[in-house]
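What follows is a set of notes on a single structure, which appears directly below.
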């Protein structure tokens with residue numbers, strides 16, 4: 001038994017945000033029927049070919065789903081989609097604003113017919129306002145929310161290296177859907193949910209927003225350092241490696257000076273007497289730490305930090321992350337099927353005692369089209385006619 005066994009989700013989805021949301025539901029056992037364009041499918045299928053011919057983004061966000069192809073320009077295909085929605089608990093779509101309504105798939109239209117349905121619309125900037133119809137790729141949303149302005153070095157602003165706006169929107173859609181399903185258990189009624197990438201990432205900008213609004217200045221770009229905590233970031237060692245540290249309070253700072261740097265006098269230095277003072281005198285602080293670290297190897301420093309219970313980390317590259325002993329020792333890897341063979345995938349982050357996760361194959365384009373059409377009562381001849389008309 002999976003936590004969401006018996007739940008059916010129909011998703012008219014593409015790219016990252018909506019597929020990421022529905023993959024969470026699929027991993028928990030929901031039946032997720034992914035609706036794609038015939039022949040081309042979700043355009044994320046074509047982002048790259050690095051996973052044995054499949055796209056890395058698509059493999060990441062689409063396991064455990066069924067794929068049906070429908071060309072919604074054909075009335076017969078649109079009617080099939082509406083049949084699927086009539087049987088579903090959840091309908092997710094991330095079409096351009098207004099497109100779902102023109103197809104008769106808007107939340108109000110669907111809930112009028114199916115009052116127990118949870119209808120979730122994911123957009124770039126929301127369905128109102130001057131940015132309503134703007135294209136909302138992840139980088140652009142990072143720019144508009146100010147994230148790029150606080151990321152990178154003092155000389156060069158940078159985007160975050162993952163699709164963080166998509167991920168934020170996908171996770172809010174996922175949790176919103178679960179909340180609406182919980183509410184339905186109590187009220188018997190479904191709900192209309194709206195999530196935008198812009199609003200999701202705007203929420204995640206909370207700390208710099210409050211800092212800027214009430215200080216009159218925004219946090220500076222500081223590379224891998226922290227803009228408002230020091231010492232917090234990377235430091236070079238004698239063997240030309242890099243050690244990351246993070247000091248969160250005055251007790252840790254004093255212990256760091258005494259047990260790691262062997263310079264207890266720094267703890268009483270007025271320039272470093274509080275976090276505020278250390279940030280204001282960051283150059284002097286960094287120079288003092290580097291002077292000590294340059295006398296020791298990375299391994300020796302890490303040993304001292306661990307003994308002193310000071311937060312520290314290695315700078316892993318992605319290959320090292322994939323071989324991380326913490327993942328291996330806790331059995332965080334599973335194998336899943338795909339059109340190109342078995343692939344290694346990480347388990348979902350939430351561990352629920354006594355419940356497993358589905359981790360079913362990544363579907364090929366339209367793999368389940370005929371089976372789903374048959375389930376809806378279409379005969380062999382009717383399906384063949386749809387295929388001849390390129391409707392599926």
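Structure above, values below:
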| item | result |
| --- | --- |
| Per-residue Cβ neighbour rank within 10 angstrom, fewest leading, 49, 297, 61, 151 | 49, 297, 151, 61 |
| Additional length obtainable on full extension of the chain from residue 318 to residue 258, 0.36 nm per residue less Cα span | 18.2 nm |
| Value of [θ]222 nm, deg cm²/dmol, for the chain, DSSP H segments ≥ 4, -39500 (n - 2.57) each, nearest 500 | -10500 deg cm²/dmol |
| Linear extension gain, residue 356 paired with residue 303, 0.36 nm per residue minus alpha-carbon span | 15.3 nm |
| Extended-chain gain in nm, criterion 0.36 nm per residue less alpha-carbon gap, residue 290 and residue 112 | 57.5 nm |
| Förster-model FRET efficiency, 56 Å R0, residue 271 and residue 132, C-beta, rounded to 0.05 | 0.65 |
| Relative contact order [Cα under 8 Å, 6+ residues apart], the range 91-249, whole percent | 23 |
| Relative contact order, percent, the chain [alpha-carbon distance under 8 Å, six or more residues apart] | 19 |
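Computed from the coordinates by the stated procedures, all read-outs in this text should not be read as laboratory data. For clarity, every value in this text was computed on a predicted model and none was experimentally measured. Please note: Cβ atoms are built from the backbone with ideal geometry, for glycine as well, and neighbour counts cover all protein chains shown.
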